[in-house]
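These notes are about the structure you will find just below.
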Amino acid sequence: MNHNAKRAGASPATVLTWAGLLAVLAVLTGCTDSEPFISGKPGSSPYAIRITPQDGARDIRPDARVEVKVSDGRLEHVKVTQIEVAEQSVDADRSKDAGRREMRGLISQDGLSWTPSGASGRLRLAARYSVDVVALDGAGRRSARHSTFTTTVPQHRFTSRFEPDERSTVGTGMIVSFRFDRVIKNRAAVQRAIRVTAEPAVEVVGHWFGGARLDFRPAAYWKPGTEVTVAVALHDVEGAPGVFGTQRRTVTFVVGRSQVSRVDVADHTMEVRRDGRLLSKVPITAGAPATSTYNGKMVVTEMQKVTRMDGRTVGFGGEYDIKDVPHAVRITDSGTFVHGNYWAGGGVFGSANVSHGCVGLQDVKGGGGNTPAGWFFDRTIVGDVVEVVNSEDKRVAPDNGLGGWNLNWIQWKAGSALR
């Protein structure tokens, strides 16, 4: 929008009546008849100031370039501001983007152009921007431009769920796993927008399982005491053509002590080691020959004091439906648990494998604190490792729960979209 012409000698307060140029009042206070301030006066060529996107433009993409140029003379002042958010209800984090945000930028050495600086030049979706410019033309006359444009409001969004929660304390086997609600096509852009860092520092790499899951882990189990920060900057990132992210969030968690429990199916025992020291060797029952237990490294993802286990939910039909399984510790998405067992005869623990694939520990109905199952449950946290050996079954798939530790470091890095 061009403003009415102002004659030399007019009060500076009447010269700049639109928001965004108050900062240049001090510059204009010293103007004289030989250097008039003109905004829109015939002959002053205010349109020699070229602003991209043009005034009134709508549906501007977030990767569009904001640029200000003059054909001669020099730019004195450029201010690009996100002045409002057009869409307030996209997600719970959206309110953090409300308010005014100024885009950083630089005027070129010759004074003929202004461009944004670094990442600040990326536009926000569903937002309105103002551009305020003051320039001197080749004849020394000052002119100004004010324009606005609006970025596109996306029709399609993607989001994700991930754990652990803020300030959680987890075991050394924790893998940060993102599950997206849409298939991600631009995997590199999405992975680049998620940073997982550690203190003390260690290399952390992402690995894609298909198009809707991205896991992060270091080369080896985390060291106890490590503080891990997950910085998610997916807001307005284009995960697939026309599909943009919504999340901007930072979560920090702490790695607690190391606990690795080694289940020997052939020996019917589980050795529980804390920081390398043997705490106990517990008698167990594992999967029967027809329903054997997976081999491999698995990570605790969920703990319930009592839960229902229905064979129909995991492909075993009506073979069992136990409504009050005590001390249930989940280690795969497909339904493998280390859990209390009160229905099998006491003689099976340490001598026979009779389960449908879970690792069973002796317990009582309702769950007992002084039973092997209660003892293990009370000493376990999410992120602890359970490793099964000497089973007749195959190795657990790396995307079944947090099974990514079953890939070596070369294999893991090969699944990254950033190379």
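The values are calculated or read from the model by the stated rules, or taken from the named source; none is laboratory data. On a predicted model such as this, the values are computed, not experimentally measured, just so you know. Glycine gets a Cβ as well: all are built from the backbone with ideal geometry, and neighbour counts include every protein chain shown. Note: accessible area is taken over every heavy atom of the protein model, side chains too, but ligands, DNA and RNA are not part of it. Shrake-Rupley method; radii C 1.70, N 1.55, O 1.52, S 1.80 Å.
Give the range 132-162 a look and list any residue that's touching a residue at least 60 places away in the same chain (Cβ under 8 Å), part of a strand (DSSP E or B) and within 30 Å of A240 (Cα to Cα), or say none. Hits for the range 132-162 are T148, F149, T150, T151, H156, R157, F158, S160, F162. Any chance the range 217-239 includes a residue that's open to solvent by 10 Å² or more (accessible area, probe 1.4 Å), closer than 17 Å to K413 by Cα and among the aliphatic types (A, V, I, L, M)? Scanning the range 217-239 turns up at least one residue that is open to solvent by 10 Å² or more (accessible area, probe 1.4 Å), closer than 17 Å to K413 by Cα and among the aliphatic types (A, V, I, L, M).
Against the condition touching a Gly at 6+ places or on another chain (Cβ under 8 Å), touching a residue at least 60 places away in the same chain (Cβ under 8 Å), over 17 Å from V196 (Cα atoms) and of a type outside the set (V, I, T), how does F209 come out, does it pass? Spelling it out, F209 is indeed touching a Gly at 6+ places or on another chain (Cβ under 8 Å), touching a residue at least 60 places away in the same chain (Cβ under 8 Å), over 17 Å from V196 (Cα atoms) and of a type outside the set (V, I, T). Among the residues making up the range 155-186, those that are under 15 Å from the mean Cα position of the chain (by Cα), over 20 Å from L125 (Cβ atoms) and not aliphatic (A, V, I, L, M) are R161, F162, E163, P164, D165, E166, S177, F178, R179. Identify all residues within the range 173-188 that are aliphatic (A, V, I, L, M), surrounded by 16 or more Cβ atoms within 10 Å (Cβ to Cβ) and closer than 15 Å to P241 by Cα; write none if there are none. Residue satisfying the conditions is I184 alone. The residue that is nearest to G340 (Cα to Cα), counting only those in the range 361-419 that are of a type in the set (G, A, S) and not in a loop (DSSP other than H, G, I, E, B), is A373. The condition (being more than 30 Å from G346 (Cα to Cα) and modelled with pLDDT under 95) is satisfied by just one residue among G225, G211, G242, G256: G242.
Take V170 and tell me if it is closer than 24 Å to Y221 by Cβ, hydrophobic (A, V, I, L, M, F, W, C), out of contact with any helix residue (DSSP H, G or I) (no Cβ under 9 Å at 6 or more places or on another chain) and open to solvent by 10 Å² or more (accessible area, probe 1.4 Å). First the steps, then the outcome.
Working: closer than 24 Å to Y221 by Cβ: yes; hydrophobic (A, V, I, L, M, F, W, C): yes; out of contact with any helix residue (DSSP H, G or I) (no Cβ under 9 Å at 6 or more places or on another chain): yes; open to solvent by 10 Å² or more (accessible area, probe 1.4 Å): no.
Against the criterion (closer than 24 Å to Y221 by Cβ, hydrophobic (A, V, I, L, M, F, W, C), out of contact with any helix residue (DSSP H, G or I) (no Cβ under 9 Å at 6 or more places or on another chain) and open to solvent by 10 Å² or more (accessible area, probe 1.4 Å)), V170 does not qualify.
One residue stands out in the range 228-239 among those that are of a type outside the set (A, V, I, L, M) and at pLDDT below 95: the one that is nearest to R379 (Cα to Cα), namely H235.
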